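The block underneath contains the structure these notes are about, expressed in structure tokens.
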Amino acid sequence: MARAILIVTILLAGIFQYLQFILGGVSDIENSMWNIDVEDAQAGSGISVYIKDGFVVAFGLFWPTWILFQKNYNLLSLWFRFYIIWIMSFFIYLAANHFINENHELFLLSGSRWLLLLHCSIGVSVFFRLFSLNKDSSKYVFWIIVLLSGSNVYMSTAQLVAGSFLNGVGVGAARTTGLFTNAAISGFLGLAVVFMTVFDRSFNATQRLCVLFIGLATAILSGTRFLMISQFILLIGLIYDILIIRLGRNSANKIAISSIGPLIFITVVLYTGLINLVDRGGIFSEALDDDGRFGRLVFGFSRLFDEGYLATLFGAGIGMGTNTSFTLALLSGVSQDKYPLNILVDNGFLTLILQSGFIGLLWFIAGLLFIFNKLSFNCEINKTNIAIVLVIFILTMFAGNPFDHYFLMIGFAAAIGASIRGNQVIDKVF
């Protein structure tokens, strides 16, 4: 029941943020393509605009307090102590850089939000690791997921019909926003709900396939190409998991090996179809353009190296280079020349390096690996699932900045927690 409540709360908190404004009437192509003005959305949403941030803060406070009050806390005490030391020391390190470099206070605020979302997401992993869905709760959760994510697909389709077709814009190129202010966030919801179901065997194969196709529809309507690729990777993983359940691991492995050739052919065909569908050009050819992701990556590292070896090793401080910091600085009229490393980059690794340097990046990655390794005590690890999550996470890190996005972080956390758990019911929590 705990996991069911958490899933529903996560989805509602994320979806209801701008729901009042969206339902007020976003139907024409000028308003529903790619991005809706955030200031207008906030003004039209009232207090609901704070629901998502409120959940992140509340759950971020709740889950460590909950662990401390468990009777058998000693089972997780070593892991929990290390985690608290790691997250607090990383924050102090970033904050110290912030004050040493005399950065704007807005960066401290946005960077703290960045770390708080990470902290909340790790708590989601803990809960998915410890709690399962029983047969009854999985049925209700499935229909709630279908209702909420299906509503987003419905709204995206309505926006598409009302605007895109009338203007001769391709389906994916329209990039409709659905229930959100940005098309990418709509796509992230599709990936999150898939992560919450595909790796959980308490949902049957039909239910998991249904949610996967809803996620794929969301990715197509939002025009988010890397999400389409991610959904394809997840489909392959789901088929493999179903084969293991039905035929056993040895037979599933034989089928998987014999399918490598056809799979490569299907991948090429689907990728070509994807490019034609979204009508936005090839992912890799665009990335290599001067203003593409690779071009911005090269520009970001060039800026970093120009700042000297101290900035390269230790970074420029908390919040630097995050989407939130860049947007807040732009809206507040903060001079770009004064903070040359506060640039907009679509790369999670570079954002980490801009904040903490290469030393901080190693510290961050080593800490996360240790945390999730220790979280897997006394349980079966689904290595296939973990491999799929890591592949998609690394793809996401090179395609954007997942640490800035609620649905992405929560989705990855849920998938890791469920995979570490191995979907085996634990009779006693702690």
*Any idea which residue in the stretch 164-175 is modelled with the highest pLDDT, counting only those that are within 15 Å of residue 223 (Cα to Cα) and assigned to a helix (DSSP H, G or I)?*
174
*Among the residues of the stretch 336-386, write down those that are of a type in the set (D, E, K, R), within 27 Å of residue 238 (Cβ to Cβ) and assigned to a helix (DSSP H, G or I).*
383
*Quick one: which helices (runs of 4 or more DSSP H) sit completely within the stretch 187-267 and have at least 1 residues that are under 22 Å from the mean Cα position of the chain (by Cα) and closer than 22 Å to residue 390 by Cβ?*
205-222, 225-247
_Testing residue 119 on (1) in a helix (DSSP H, G or I); (2) farther than 30 Å from residue 221 by Cα; (3) touching a residue at least 60 places away in the same chain (Cβ under 8 Å), one condition comes back false. Which one is that?_
(3)
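Residues are listed down the side, and each one gets a yes or a no for (1) modelled with pLDDT of 60 or more; (2) among the small types (Gly, Ala, Ser):
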{"position": "7", "(1), (2)": "yes, no"}
{"position": "15", "(1), (2)": "yes, no"}
{"position": "21", "(1), (2)": "yes, no"}
{"position": "26", "(1), (2)": "no, no"}
{"position": "35", "(1), (2)": "yes, no"}
{"position": "48", "(1), (2)": "yes, yes"}
{"position": "58", "(1), (2)": "yes, yes"}
*asked:* Return the pair list, or none, for Cβ contacts closer than 7 Å from residues in the stretch 400-414 that are at pLDDT 90 or above to residues that are charged (D, E, K, R), at least 6 apart or on different chains.
replied: 406/52
_Residue that is modelled with the lowest pLDDT, among those in the stretch 415-430 that are surrounded by 22 or more Cβ atoms within 10 Å (Cβ to Cβ) and over 13 Å from the mean Cα position of the chain (by Cα)_ = 421
*Sole exception among (1) at pLDDT 85 or above; (2) of a type in the set (A, V, I, L, M, F, W, C); (3) surrounded by 24 or more Cβ atoms within 10 Å (Cβ to Cβ) for residue 210, by number*: (3)
*Assuming residue 102 fulfils every condition listed in (1) out of contact with any Ser or Thr (no Cβ under 7 Å at 6 or more places or on another chain); (2) of a type outside the set (S, T, N, Q); (3) in a helix (DSSP H, G or I); (4) at pLDDT below 85 apart from one, which condition is it?*
(3)
_Going residue by residue through the stretch 230-238, is there one that turns out to be closer than 30 Å to residue 158 by Cβ and free of Cβ contacts under 8 Å to residues at least 24 places away in the same chain?_
yes
*Would you be able to tell me the number of residues in the stretch 96-113 that are crowded, with 18+ Cβ neighbours inside 10 Å and more than 21 Å from the chain's Cα centre (by Cα)?*
8
*asked:* I'd like the residue in the stretch 323-362 that is surrounded by fewer than 21 Cβ atoms within 10 Å (Cβ to Cβ) and β-branched (Val, Ile, Thr) and, out of all such residues, is farthest from residue 107 (Cα to Cα).
replied: 359
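The values are calculated or read from the model by the stated rules, or taken from the named source; none is laboratory data. Just so it is clear, the model here is predicted, and its values are computed rather than measured. Here Cβ is always computed from backbone atoms with ideal geometry, including for glycine, and neighbour counts include all displayed protein chains.
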